[in-house]
1. Probe of 1.4 angstrom, ligands and nucleic acids ignored: what's the accessible area per residue over the stretch 213-274, in square angstrom?
2. Using a 1.4 angstrom probe, figure out how much accessible area the stretch 87-211 has per residue, in square angstrom, rounded to the nearest whole.
3. Report, to the nearest whole %, how much of the accessible area of the stretch 63-117 belongs to carbon and sulfur atoms, 1.4 Å probe, protein only.
4. How much accessible surface area, in Å² rounded to 10, belongs to the heavy atoms of Leu61 with a 1.4 Å probe?
5. At 222 nm, what helix-only mean residue ellipticity would the chain give, in deg cm²/dmol to the nearest 500, using -39500 (n - 2.57) for each DSSP H run of four or more?
6. From the square roots a ≥ b ≥ c of the eigenvalues of the alpha-carbon gyration tensor of the chain, which class results: rounded (a/c under 1.5), prolate (a/b over b/c), or oblate?
7. For the stretch 161-230, give the percent of accessible area contributed by carbon and sulfur heavy atoms, probe 1.4 Å, rounded to a whole number.
8. Could you sort Arg72, Arg182, Arg260 by their accessible area in this structure, using a 1.4 Å probe and putting the largest first?
Amino acid sequence: MVSMMEVKSYRFQAEVFVKEYLLADGFITYTSVLCGLLMCKMAYDMTHLVSSLYYKKYASLTKLQKIEWNNRGMSSIHAVFITIMSLYLVFISNLFSDQLVGPVTIRSSNLSTFGLGVSTGYFLTDLAMILWLYPSLGGMEYVLHHLLSSVALAYSMLSGEGQLYIYMTLLCETTTPGVNLRWYLDTAGLKRSKAYVLNGVAMFVAWLVARILLFIYLFYHIYKHHDQIRMLHPFGYFLSLTIPVILFAMNLAWFMKILRGLKKTLTKKQAKQQ
């Protein structure tokens with residue numbers, strides 16, 4: 001049996017490895033992106049394995065449907081990871097607190113940089129899949145969204161600038177599991193189920209909070225700290241002012257589609273009850 005001393009020794013070695021290599025200043029940008037790529041591979045394969053074992057209709061899906069099914073499992077796992085990271089860094093950690101001395105726009109930590117690297121790895125992987133199978137996994141709006149996200153993430157990760165605003169924007173990923181669940185239910189032939197309706201309502205609320213109201217707060221924060229944003233490199237300054245506006249416009253367009261879809265679903269539900 002493994003003794004308690006050996007367990008403590010293994011734990012200490014693991015902590016040293018993480019601090020000295022994975023989260024070390026000289027390696028963090030490389031290891032974090034690599035971790036993001038590996039996470040995507042593991043999540044994709046895990047979705048395939050679990051679905052094959054526990055969902056009988058998975059085998060009857062077409063090749064493209066299976067790819068999209070696994071891809072959405074991958075994006076859901078990334079969404080959970082980055083949502084937890086964003087909530088912690090934006091609302092719990094004092095890393096971006098106004099109470100600390102110095103501009104909030106140039107603050108970063110090894111943890112925040114690592115999170116951006118993992119997310120960069122995900123967006124690059126997903127973008128590659130979208131382009132390879134275009135337009136099966138998404139149209140031009142998804143290509144634009146992922147390109148903007150990848151550029152902003154990579155710049156903030158490498159420069160350490162504007163990480164607060166990146167994490168505020170990444171809170172959009174809160175809505176991803178709901179969007180994916182909607183697709184899963186539709187593909188499984190459960191579009192008329194109660195679960196589909198409840199998920200639609202939850203997705204509407206989450207989208208309103210994470211992609212509309214939070215962006216309004218983001219614009220207020222940018223306005224309030226504009227003097228600090230002007231201290232950024234010109235490219236960082238440009239990204240801070242343009243990308244949130246573009247993403248917000250896309251969020252509004254998608255939100256209107258969700259609203260119309262929810263109204264249509266609720267109307268059909270009421271018609272059946274009468």
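1. Working: 4180 Å² over 62 residues.
Per-residue accessible area for the stretch 213-274 comes out at 67 Å².
2. On the way: 5540 Å² over 125 residues.
Accessible surface, normalised per residue, equals 44 Å².
3. Details: 1600 of 2510 Å².
Solvent-exposed carbon and sulfur of the stretch 63-117 make up 64 percent of the total.
4. 20
5. Details: 11 runs with 198 residues, N = 274.
After summing the helix terms and dividing by residue count, I get -24500 deg cm²/dmol.
6. Values: a/c = 1.92, a/b = 1.23, b/c = 1.56.
Since a/c reaches 1.5 but b/c is at least a/b, the shape of the chain is classed as oblate.
7. On the way: 2160 of 3330 Å².
About 65 percent, which is the carbon plus sulfur part of the accessible surface.
8. Values: Arg72 45, Arg182 100, Arg260 140 Å².
If we order Arg72, Arg182, Arg260 from most to least accessible, we get Arg260, Arg182, Arg72.
The values are calculated or read from the model by the stated rules, or taken from the named source; none is laboratory data. The model shown is predicted, which means the values in this text are computed figures rather than measured ones. Glycine also receives a Cβ, built like all others from the backbone with ideal geometry; neighbour counts cover every protein chain displayed. The area values use the complete protein model at the heavy-atom level, side chains included, leaving out ligands, DNA and RNA. Shrake-Rupley method; radii C 1.70, N 1.55, O 1.52, S 1.80 Å.
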